[in-house]
Amino acid sequence: PQPEATTQIDSLCPYCGVGCQVTYHVADGAIVRTEGRDGLANEQRLCVKGRFGFDYPRHRHRLTMPLIRKPGAPKEPLDPADPFTHFREASWDEALDFAAAGLKRPPSALAGLGSAKGSNEEAYLFQKLVRTGFQTNNVDHCTRLCHASSVTALLEGIGSGAVTAPVAEVANAEVIVVIGANPTANHPVAASFIKNAVRKGAKLVVADPRGQALDRFAEHSLRFRSGTDVALLNAILHVIVCEKLYDADFVAARVTGFEALAEHVMAYAPEVMAPVCGIEADTIRAVARLFATARSAMILWGMGISQHAHGTDNSRALIALALICGHVGRKGSGLHPLRGQNNVQGASDAGLIPMMLPDYQRVGEEGRRARFEAAWGMDLDPTPGLTVVEMMDAALAGRLRAMYVMGENPAMSDPDLSHARAALAGLDHLVVQDIFLTETAMLADVVLPASAFAEKTGSFTNTDRHIQMGRAAVPLPGDARQDLWIIQELARRLGLDWRYSGPAEVFAEMTTVMPSLGGITWERLEREGGITTPQGKAILFDDAFPTQDGKARLVPASGIAPAETVDGDYPFILTTGRVLEHWHTGSMTRRSEVLDQLRPQAEITVNPDDLAALGVAEGGRLRMESRRGAVEAAAKPDPRLPRGLVFMAFCYGEAAANMLTNPVLDPMAKIPELKVSAVRLLAL
Ligand code: SF4
């Protein structure tokens, strides 16, 4: 029996970008129960993570004191049963002095990785510290592994990287396209809005090489070949252009580049692309007609589109599809890249990216940079900084010598982990600020114990551009401290005289340099709980796009093959992702008792016929090898998977899927191709 709740605090779920509003029921300083509130994005619903994944802050491995690596202790992954072997406890003064001393280097030798799980205020202060304290733009976060390619294509095409309409708008859509996303597992409450819309008559198209639970709601379920998104989408565009199904008025009034796009897609006839993408030409034609003739249509996409060597091209094709059919800026229509982390939208808006200052102001544009130089009182670096994977390359090459990592776990989330872990271990100085001794923290020189979600107050921006208040519900354990306090203490030791009294003061400063926050005050956020940006508009671009001429730009897409394909040595394609019960690298959910019991072990999911051919039964052990590494895990048959395709979640430290993944980058967005790696399977 649970103790009787004594306090109720209105806050948010700490996991995905849906941003469900939650009431925490607190007794004796601990959350004992959660309850969905009537938020815009959840209407009282919660998924299994929001309902049961609240106990991780009290896990026995929670960091409660600063740690400093013992002299001579090797930098290596540690035994999870005794992860503290190589560290000793330190006072805050000693740890902060040590951390700051190692960060006093030439700007080009320094970098920072902030967090999409922190608040907007933490993201803003973190990037400001890197830009003014480190004096470099080498600052990034997990958006680089997430929707960097979507944002690149959206900024290029429509002048804005955020969604044009919220998930809930599917209720007004005649057609819904879900491509490269598995909302039932990764955005479960969003999936419930989609299912409800289908029950009320909307037609659903699901495009996913793996197959998924939403397939049974779908008019068309397209299990196309992994990495052939552009072949499929350009073939759909071909049909719409050839059959003149596009919205000629919308195109004439609001779009440029139609002629070039129309000419480009002539080479992608459905009959030509069918053998490439594995979808029959007649099905491609039917989907094209359904989408183009709908009065309203929404496209929602995820990492299956973005995490490719041609992720920007994939998104360009999707944007073109919506634009030529006029499915943007209208009720029930829009482009919606489903954001993964609960604050990846806000962290990006706040400038936690190497080429842009807050509000997507490019560091290289003098006039825009000058505004921040005036506001922050110092000259800023005009050169775009290193992205996540580039940081690891620079570290291995010896150019990057020290890093400050707040709340991210690149030693689990980066591609080709042997490479990434060697890069982190080879640094002269690694400062990690986190709530657990993550795989990244195990490689640190100094570890700063920080605040968990339910221990802090701050604003968070969900996938719908809705800024919402997360409120502290429980006290910090031991001598752990607020992330904002830690960032400021480091800043002071690096010569910055920062004395923000709390998140409200940081947010007030943000509103002075970020026009997108116009009209929003901390008091309003506290009072209203959530406010949609910009200017309260749920559906954007009903009259003009935020481009120089007010028109959207169509950009033809060409990349139709993944960087790595199967051969005799590596005959399977591995695609990675998440599972319903676990979140990203597992640092939180694997320390949540209920969630870890529901999904306790790493699994390699394989088509049953492939598994039979290997002579392995369900639960038997498999070894999976790529050109970069190997893991071993239990075999799990899944009849939805086509033969030759393998899936593995990347949350299990004991079998880290990213040991195998391909670090090849999309040339525009610098996002790695985490979704397609050639592998082989061996029975153990
Ligand atoms: Fe939390 Fe996302 Fe589940 Fe909502 S859908 S409860 S935000 S994990």
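The values are calculated or read from the model by the stated rules, or taken from the named source; none is laboratory data. Note that this is a predicted model, so its numbers are computed, not measured. Every residue, glycine as well, gets a Cβ built from its backbone with ideal geometry; the counts of neighbours run over all protein chains shown. Surface accessibility is based on the protein's heavy atoms, side chains included, excluding ligands, DNA and RNA. Shrake-Rupley method; radii C 1.70, N 1.55, O 1.52, S 1.80 Å.
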At 25 °C and 0.890 mPa s, the Stokes-Einstein diffusion coefficient in µm²/s for the stretch 1-57, with hydrodynamic radius from the Kirkwood sum on alpha carbon pairs, is 216
In degrees rounded to 10, the 0-90 angle between helix 483-493 Cα long axis and the longest Cα principal axis of the chain is 60
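Label the stretch 250-320 by shape, choosing from rounded, prolate and oblate, from the square roots a ≥ b ≥ c of the eigenvalues of the Cα gyration tensor; if a/c is under 1.5 it is rounded, and otherwise prolate applies when a/b is larger than b/c, oblate when it is not. Mind showing how you got there, number by number?
Details: a/c = 1.29, a/b = 1.13, b/c = 1.14.
Cα axes put the stretch 250-320 in the rounded bin.
Send over the semi-axes of the stretch 345-416's equivalent ellipsoid, whole angstrom and largest first, taken as the square roots of 5 times the C-alpha gyration tensor eigenvalues. If you can, show how the numbers build up before the last one.
Values: eigenvalues 131, 44, 22 Å².
Rounded to whole Å, the semi-axes are 26, 15, 11.
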The stretch 533-684 accessible area per residue, 1.4 Å probe, protein heavy atoms, integer Å², reads 41
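Within the chain, what percent of beta bridges assigned by DSSP are antiparallel, to the nearest 5?
Numbers: 46 of 89 bridges.
Bridges in the chain are about 50 percent antiparallel.
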Expected vector for the stretch 103-119, Karplus 3J(HN,Hα) from phi with 6.51, -1.76, 1.60 and θ = phi - 60°, integer Hz, x for Gly and Pro, equals 9, 8, 9, x, x, 5, 8, 10, 7, x, 10, x, 10, 7, 9, x, 7
When the charge dipole of the stretch 543-597 is computed with +1 on Lys and Arg Cβ and -1 on Asp and Glu Cβ about the Cα centre, the Cα farthest towards its positive end, among H584, F572, P546, belongs to P546
Residues meeting the amide H criterion for W498 (H placed from the backbone, H to H distance under 5 Å, 5 or more places apart or on another chain) are R492
The set of cysteines in the chain having no other cysteine's C-beta under 4.7 Å reads C16, C47, C142, C146, C242, C277, C325, C651
Expressed in angstrom, Rg and Dmax over the Cα atoms of the stretch 574-684 are 14.1, 43
For 78-85, 629-636, ranked highest to lowest by mean beta-carbon neighbours within 10 Å, the order is 629-636, 78-85
So, for the Cα atoms of the stretch 94-202, Rg and Dmax in Å stand at 20.0, 63
Cα-only Rg/Rh for the stretch 54-117 with Kirkwood Rh rounds to 1.01
Nearest 10, in degrees from 0 to 90: the angle of helix 188-199 to the longest Cα principal axis of the chain is 20
Cα-based Rg then Dmax for the stretch 412-455, in Å, read 11.5, 34
Packing-ranked peptide list from 418-424, 101-107, 29-35, highest mean Cβ count within 10 angstrom first, is 418-424, 29-35, 101-107
Over all Cα pairs of the stretch 456-512, the Kirkwood radius sets Rh, and Rg/Rh then becomes 1.02
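At R0 = 35 Å, how high is the FRET efficiency between D479 and D379 if r is their beta carbon distance? Nearest 0.05 is fine.
On the way: r = 37 Å, r/R0 = 1.06.
Once rounded, the FRET efficiency stands at 0.40.
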Long-range alpha-carbon pairs in the stretch 146-195, meaning those over 16 Å apart, account in percent for 51
Between the Cα axis of helix 281-293 and the main Cα principal axis of the chain, the angle (0 to 90°, nearest 10) is 80
Once all protein chains are kept in place, R316 shows an accessible area at probe 1.4 Å, nearest 10 Å², of 40
Expected sort for 505-513, 593-601 on mean C-beta neighbours within 10 Å, highest first, is 505-513, 593-601
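Looking only at Cα atoms, what is the convex hull volume of the stretch 533-623 per residue, in Å³?
On the way: hull volume 22.2 nm³, N = 91.
Value for the stretch 533-623: 244 Å³ per residue.
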DSSP beta bridges in the stretch 430-497: the antiparallel percent, rounded to 5, is 50
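Give me the Kirkwood hydrodynamic radius of the stretch 32-86, using the inverse of the mean 1/r over all pairs of distinct Cα atoms, in Å to one decimal. Don't skip to the answer; put the middle values down first.
Values: mean 1/r = 0.0674 Å⁻¹.
When all Cα pairs of the stretch 32-86 are included, the Kirkwood radius is 14.8 Å.
Can you list the equivalent-ellipsoid semi-axes of the chain, largest first and in whole Å, using the square root of 5 times each Cα gyration tensor eigenvalue?
Working: eigenvalues 274, 176, 126 Å².
Three semi-axes, in Å: 37, 30, 25.
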Measure of exposure for M355: accessible area at 1.4 Å probe, Å² rounded to 10, is 50
Computed for the stretch 205-349: size of charge dipole around the Cα centre, +1 on C-beta of each Lys and Arg, -1 on C-beta of each Asp and Glu, debye to nearest 20, value 400
With no solvent term and unit scatterers on the alpha-carbon positions of the stretch 244-362, Debye gives log₁₀ I(q)/I(0) at q = 0.16, 0.22, 0.23 Å⁻¹ of -0.96, -1.41, -1.45
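Note the full-extension length gain between V32 and T293 as 0.36 nm times their separation in residues minus their Cα-Cα distance, in nm to one decimal.
Numbers: separation 261, 0.36 × 261 = 93.96 nm, distance 5.00 nm.
89.0 nm is the gain from fully extending V32 to T293.
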